[in-house]
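Enquirer: Please see the structure below; I have some questions.
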Amino acid sequence: MSTVATNQQTGFVGKASNYLDERTSISGAVKEFGRKIFPDHWSFLLGEVALYSFVIILLSGSFLTFFFQASMDVVTYTGSYVPLKGIEMSAAMSSTLDISFDLRGGLLMRQIHHWAALLFVAAIGLHMLRVFFTGAFRKPRELNWSIGFVLFVLAMAEGFTGYSLPDDLLSGNGLRIIDGMVNAVPVVGTWITFLLFGGEFPGSDIVGRLYTLHILLLPAILLIFIVLHLMFVIIHKHTQYPGPGKTENNVVGFPILPVYAAKAGGFFFIVFGVVALMASLVTINPIWVYGPYDPSPVSAGTQPDWYIGFADGALRLIPPHLETVWLGYVWSWNILIPILILLVFLAAVFAYPFIEAWVTGDKREHHLLDRPRNAPARTAIGAAGVTFYAVLWAAASSDIIATHFKVTMEGVINTLQILLILGPIIAFAVTKRVCLALQKKDRTMALHGFETGRIVRMPGGEYIEVHQQLDEYDRWKLVSFNDNAPLMLRPNPKGKITGGMRARARLSRWFFEDRIAPVTPTEHALELEQSHH
Amino acid sequence: MAKNESGPADIVPASGHERSTDVVLGTAVVSPDAFPDPGLPPHRLRVVDTDPKAAKKAERVVYALFYLSIVGSVFAVFAYMFFALDPNDLNSVRLNNLYIGLGITLSLLAIGIAAVHWGKAVMADHESVDERHPTRGSEETRARAIEIFKEADAESGFSRRSLIRNGLIASLVAFPLPAIALFRGLAPMDVDPNNELKHTMWEKGLRLTRDPSGLPIKASDLTIGSAFQVIPEGLADLPPHERLDAKAKAAVILVRMKPEELNWTSAERESWSYQGIVAYSKICTHVGCPVALYEQQTHHLLCPCHQSQFDLENECKVIFGPAARPLPQLPITVDSEGYLVAARGFDQPVGPSFWERLN
């Protein structure tokens, strides 16, 4: 007990800390993490927004479970919303209406829950774009990218299952579309929908089943993956943007205690506050306008929640009549092709870090982020992917675009069909050129400095503008990157060149044949010398 | 690739002069001729570091915001009490939502902004530096890990006793099978989905009735250009659950046009209509949304979900959108009292395609 005696345990805090530590060994954790450094940048907040929205969803969702009845038993609505009084509907719909109209603050919690869910997926998407465009997915973080990808898919699944729970007209039609899509799956489709819906569509089981997924299974898996995701952030330490004094071997920023705790903790309340503000001022998912689910009516201009838009858009863009009968069975290409396109797109997102690692063959750890312009091919691929997604997304609103801009529906669809193929190609080419142009500009700046606007007349009558050299910190930002050169195809130790090697060489040429090298001190010295003559 | 084993040297500074030869760079070009890192720029003082007045003000702002947050929380509780919900006044829902929400917003935003401001303007502003270490364990740790696995393998005989090991793997593969079987119970055991999907309520002599009232329709009720949502006679009287299941297949759209506007591929198809009145399944052949929009001028039916368009003049063939097949037609005629009835059921399954649709 001599060690205890040496500790100062004056006052309540000291005694309480000692009590805890003697039972939990928590002082080790405080020593390890208390002054851990996190780098600062606004773009690092996107992941935080995602995490905080999830917490908000858990809090508001737990409240809603106390009042929501996940049952498709048919009841007659007797609540306060007059237009639906006396109408038959499921208990799910009726209880959702009661939460909205007969529970003080109930509508607010519903709207907080829904807005936070929309924000959750949006923040994950933006966070993924940040990670992609800065190359934060490179070694050693490839696996954390995969975990993040799973979180993205789970978030969409959570969104869709939650969206379907109130059993209103809109969500019912959403389920009908899922039913129709799954039916198209060869061999097992019919049986999968039969099992999913507990018989025929719509049946009386689906809401209860989705509820179990929505509040138990999916959140539990989400939570596990979030913990894994954050664990890796701690193991790897956060990436940082390049800059003077920042290297691959350090991390520059502020300690968790106290600065980061205050800023990140405060940011949680800001995110929560903004969601609460949206929920107070802006209606979301007014199910009372749609009414209870009925398989026969549907309103014009139906829209899924935003994150399902790209899938719905894919369904809309496929040309007519794509269905064949082969061996006596139906092959619904009009649904299978869109599903396949979506799966390939998602698989490409999942696999990109591994593909790039294979192409570059770079085995170093990377903790300094790339400026997007310094990785032109990657940035261009990202822009192409964003364009592809955006076209699919726009297609989900084809009818709204047509009515708002007074153009034909057919015109909108046909334009988007063309854009879906041409758009990514154009985006790739333009983005790559823009990146290279920006790199050239960086080179010029690093070599010649910036224009001062001061015009000097030389003794010979020539006018020149005086350039001011950058200081070493600003210059460092422009010159401190590694570029990549295409692989040279060389035989392996067995003296052979395999197909895989050829593919890799071709890909690396596609990635890196247009390259702009950073300014070197030799070049810079030469330039300075020349400018003095 | 062998160089990948080189341990800590895997990490190379971006400028990379010192250790660049020890690692696998791949396509990266690390030039020995690179600028030196100038190191962290000189620390810039904040206004609060130099001006005691500004520091005092920042402190005041932080605690004022924390107390403002309490005002927001209390306001939200009062709003809960005083903006009650009045069943006779829908506007009360709006006010309840608005004022509780604004109170909570104030309470949250004030805490958030106060804490962030505290962190940025009041707390010490020293940037610090942490060292990074390679993610992989040290050579010693890795060697010990491999040794542990070897010891465990030797002690258990996992590699050596292949019968035991294979038995373990096989049993682990087999043990989830009962769980999969259990999930068959998700849907009724005695029902074949194929059979269900291929049959609707419609059969010979069943009257066409209005949705949702269930009142029968006379041919004379329909003027040219009008359209009705139709359900089979008796559907409205089914118990609630069976009603939706039945309606999801049996919903029909009934339209009257001038007989000369209708083009038929055969005399038999023409006989499925009655004096220019035609009935088609309302369930889209794409993914099953109701084809709810009827364009009176063009005689097109349009599905609002994915914009498939069907041409009523030509047996509801697909003229645009993702659908592959025409809407199935319900053959109709009139009974002795002049009411519209089905001449027989649909000649094919309605709604979206499914694998066994033609079997």
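Enquirer: Taking into account only those residues within the stretch B:146-180 that are part of a helix (DSSP H, G or I) and charged (D, E, K, R), which is nearest to B:R136 (Cα to Cα)?
Expert: Top of the filtered list is B:E147.
Enquirer: Condition first: farther than 29 Å from A:E248 by Cβ and not polar (S, T, N, Q). Now tell me which residues in the stretch A:490-527 satisfy that.
Expert: Selection gives A:P491, A:P493, A:K494, A:G495, A:K496, A:I497, A:G499, A:G500, A:R502, A:A503, A:R506.
Enquirer: Output yes when any residue across the stretch A:393-410 is free of Cβ contacts under 8 Å to residues at least 12 places away in the same chain, within 21 Å of B:S308 (Cα to Cα), surrounded by fewer than 20 Cβ atoms within 10 Å (Cβ to Cβ) and in contact with a Phe, Trp or Tyr (Cβ under 7 Å, 6 or more places away or on another chain), and no when none is.
Expert: yes
Enquirer: Something else now. For the stretch A:227-266, name all the residues that are buried (at least 19 other Cβ atoms within 10 Å of the Cβ) and hydrophobic (A, V, I, L, M, F, W, C).
Expert: Selection gives A:V251, A:V252, A:F254, A:V259, A:A262, A:A264.
Enquirer: Within the group B:A79, B:A58, B:A110, which residue is assigned to a helix (DSSP H, G or I), touching a residue at least 24 places away in the same chain (Cβ under 8 Å), farther than 25 Å from A:S53 by Cβ and not hydroxyl-bearing (S, T, Y)?
Expert: Answer to the selection: B:A58.
Enquirer: I would also like to ask the following. Does A:A300 satisfy the criteria of being closer than 30 Å to A:I401 by Cβ and either at pLDDT below 95 or within 24 Å of the chain's Cα centre (by Cα) (or both)?
Expert: Working: closer than 30 Å to A:I401 by Cβ: yes; either at pLDDT below 95 or within 24 Å of the chain's Cα centre (by Cα) (or both): yes.
When the stated conditions are applied, A:A300 passes them.
Enquirer: Of the residues in the stretch B:231-286, how many are assigned to a loop (DSSP other than H, G, I, E, B), within 14 Å of chain A (Cβ to nearest Cβ) and of a type in the set (S, T, Y)? Full working, then the answer.
Expert: Initially, the stretch B:231-286 is screened for residues assigned to a loop (DSSP other than H, G, I, E, B), giving B:233-234, B:238-239, B:251, B:257-258, B:262-266, B:272-273, B:275-276, B:282, B:284-286.
Filter once more, so that each one left must be within 14 Å of chain A (Cβ to nearest Cβ): B:238-239, B:251, B:282, B:284-286.
This time we only want the ones that are of a type in the set (S, T, Y), so: B:285.
Result for the stretch B:231-286: 1.
Enquirer: Also: Output the helices (runs of 4 or more DSSP H) that fall wholly within the stretch A:211-312 and possess 3 or more residues being more than 16 Å from A:V55 (Cβ to Cβ), without any contact (Cβ under 8 Å) to a residue 40 or more places away in the chain and assigned by TED's automatic domain parsing to the domain that holds A:L97, or say none.
Expert: Ranges flagged: A:261-281.
Enquirer: If you don't mind, there's one more thing I want to ask. Suppose we keep only residues that are of a type in the set (K, R) and over 21 Å from the mean Cα position of the chain (by Cα) within the stretch A:357-372. Which one would you say is farthest from the other protein chains (Cβ to nearest Cβ)?
Expert: A:R364
Enquirer: Still on this model: Looking at (1) of a type in the set (A, V, I, L, M, F, W, C); (2) free of Cβ contacts under 8 Å to residues at least 12 places away in the same chain; (3) touching a helix residue (DSSP H, G or I) at 6+ places or on another chain (Cβ under 8 Å), which one does B:A84 not meet, given that it meets all the others?
Expert: The number of the failed condition is (2).
Enquirer: Determine whether the stretch B:298-313 contains at least one residue that is away from chain A (no Cβ under 14 Å), out of contact with any strand residue (DSSP E or B) (no Cβ under 9 Å at 6 or more places or on another chain) and in a loop (DSSP other than H, G, I, E, B).
Expert: Looking for residues that are away from chain A (no Cβ under 14 Å), out of contact with any strand residue (DSSP E or B) (no Cβ under 9 Å at 6 or more places or on another chain) and in a loop (DSSP other than H, G, I, E, B), one finds none in the stretch B:298-313, hence no.
Enquirer: Confirm whether B:V48 is facing chain A (nearest Cβ under 9 Å), of a type in the set (A, V, I, L, M, F, W, C) and surrounded by 15 or more Cβ atoms within 10 Å (Cβ to Cβ).
Expert: So B:V48 fails the test.
Enquirer: Still on this structure, I have one more. Out of the residues in the stretch B:1-51 that are basic (K, R) and assigned to a loop (DSSP other than H, G, I, E, B), which is modelled with the highest pLDDT?
Expert: So the first thing to find is which residues in the stretch B:1-51 are basic (K, R), and the list is B:3, B:19, B:44, B:46.
Adding the requirement that they be assigned to a loop (DSSP other than H, G, I, E, B) leaves B:19, B:44, B:46.
Working: B:R19: 43, B:R44: 91, B:R46: 94.
Here the answer is B:R46.
Enquirer: Kindly provide the set of residues from the stretch A:172-207 that are more than 7 Å from chain B (Cβ to nearest Cβ) and part of a loop (DSSP other than H, G, I, E, B), ordered by number.
Expert: A:V185, A:V188, A:F197, A:D205 - these are the residues of the stretch A:172-207 that are more than 7 Å from chain B (Cβ to nearest Cβ) and part of a loop (DSSP other than H, G, I, E, B).
Enquirer: Another question, if that's okay. Can you find even one residue in the stretch A:471-478 that is away from every other protein chain (no Cβ under 14 Å) and in contact with a Pro (Cβ under 8 Å, 6 or more places away or on another chain)?
Expert: Taking every residue of the stretch A:471-478 in turn, none turns out to be away from every other protein chain (no Cβ under 14 Å) and in contact with a Pro (Cβ under 8 Å, 6 or more places away or on another chain).
Enquirer: Now a separate question. Quick one: A:G328 ticks every box in (1) at negative phi; (2) facing another protein chain (nearest Cβ under 7 Å); (3) in contact with a Leu (Cβ under 7 Å, 6 or more places away or on another chain) except a single one, so which number is it?
Expert: Unmet condition: (1).
Enquirer: If I filter the stretch B:191-209 for residues that are of a type in the set (F, W, Y) and within 31 Å of the chain's Cα centre (by Cα), do I get at least one hit?
Expert: For the stretch B:191-209, residues of a type in the set (F, W, Y) and within 31 Å of the chain's Cα centre (by Cα): absent.
Enquirer: What's the number of the condition A:L277 fails, among (1) at the interface with chain B (Cβ under 8 Å from one of its Cβ atoms); (2) under 22 Å from the mean Cα position of the chain (by Cα)?
Expert: Failing condition for A:L277: (2).
Enquirer: Which condition does A:A314 not pass, out of (1) closer than 20 Å to B:C303 by Cβ; (2) facing another protein chain (nearest Cβ under 8 Å), if it passes all the others?
Expert: (2)
Enquirer: Sticking with this one: Where in the stretch A:30-133 are there helices (runs of 4 or more DSSP H), lying fully within it, with 2 or more residues that are within 14 Å of another protein chain (Cβ to nearest Cβ) and under 26 Å from the mean Cα position of the chain (by Cα)?
Expert: Helices (runs of 4 or more DSSP H) meeting the threshold: A:45-65, A:106-133.
Enquirer: Being at positive phi and in contact with a Leu (Cβ under 8 Å, 6 or more places away or on another chain) is the filter here, so list the residues in the stretch A:423-480 that pass it.
Expert: A:G449
Enquirer: Pairs please, first residue from the stretch A:444-467 and within 24 Å of A:T520 (Cβ to Cβ) and in a loop (DSSP other than H, G, I, E, B), second anywhere and modelled with pLDDT of 90 or more and of a type in the set (A, V, I, L, M), Cβ atoms under 9 Å, 6+ apart in sequence or on different chains.
Expert: Correct list of pairs: A:G449/A:L470.
Enquirer: Another one. For the stretch A:505-528, does any single residue satisfy the condition of being touching a residue at least 24 places away in the same chain (Cβ under 8 Å), among the aliphatic types (A, V, I, L, M) and within 30 Å of A:R316 (Cα to Cα)?
Expert: No: the stretch A:505-528 contains no residue that is touching a residue at least 24 places away in the same chain (Cβ under 8 Å), among the aliphatic types (A, V, I, L, M) and within 30 Å of A:R316 (Cα to Cα).
Enquirer: Say whether the condition of being without any contact (Cβ under 8 Å) to a residue 60 or more places away in the chain and closer than 30 Å to B:H126 by Cα is met by at least one residue in the stretch A:41-53. Write out each step before concluding.
Expert: Initial filter on the stretch A:41-53 (without any contact (Cβ under 8 Å) to a residue 60 or more places away in the chain): A:42.
Among the residues that remain, those that are also closer than 30 Å to B:H126 by Cα are: A:42.
Scanning the stretch A:41-53, I find at least one residue that is without any contact (Cβ under 8 Å) to a residue 60 or more places away in the chain and closer than 30 Å to B:H126 by Cα, so the answer is yes.
Enquirer: Right, another one. Report yes if A:P486 is facing another protein chain (nearest Cβ under 8 Å) and closer than 21 Å to A:P376 by Cβ, otherwise no.
Expert: Judged against the criteria, A:P486 is a match.
Enquirer: Just to be sure I understand the filter: pairs with C-beta atoms under 6 Å, separated by 6 or more residues or on different chains, first member in the stretch A:329-341 and hydroxyl-bearing (S, T, Y), second member part of a loop (DSSP other than H, G, I, E, B). Which pairs pass?
Expert: Close Cβ pairs satisfying both conditions: A:Y329/B:W355; A:S332/A:A184; A:S332/A:E323; A:S332/B:S353.
Enquirer: So how many residues does the stretch B:117-143 have that are in a helix (DSSP H, G or I) and exposed (fewer than 13 other Cβ atoms within 10 Å of the Cβ)?
Expert: 5
Enquirer: Could you count how many residues in the stretch B:281-300 are surrounded by fewer than 24 Cβ atoms within 10 Å (Cβ to Cβ) and in contact (Cβ under 8 Å) with a residue 12 or more places away in the chain? Can you show your working first?
Expert: Going through the stretch B:281-300, the residues surrounded by fewer than 24 Cβ atoms within 10 Å (Cβ to Cβ) turn out to be B:292-300.
Now narrow it down to the ones that are in contact (Cβ under 8 Å) with a residue 12 or more places away in the chain: B:292, B:294, B:296, B:299-300.
Number satisfying all stated conditions: 5.
Enquirer: Tally time: how many residues in the stretch A:474-501 are outside any loop (DSSP other than H, G, I, E, B) and under 33 Å from the mean Cα position of the chain (by Cα)?
Expert: 10
The values are calculated or read from the model by the stated rules, or taken from the named source; none is laboratory data. Small disclaimer: the values here were computed from a predicted structure and weren't measured. Cβ coordinates were reconstructed from backbone atoms using ideal geometry, including for glycine residues, and neighbour counts include every protein chain displayed.
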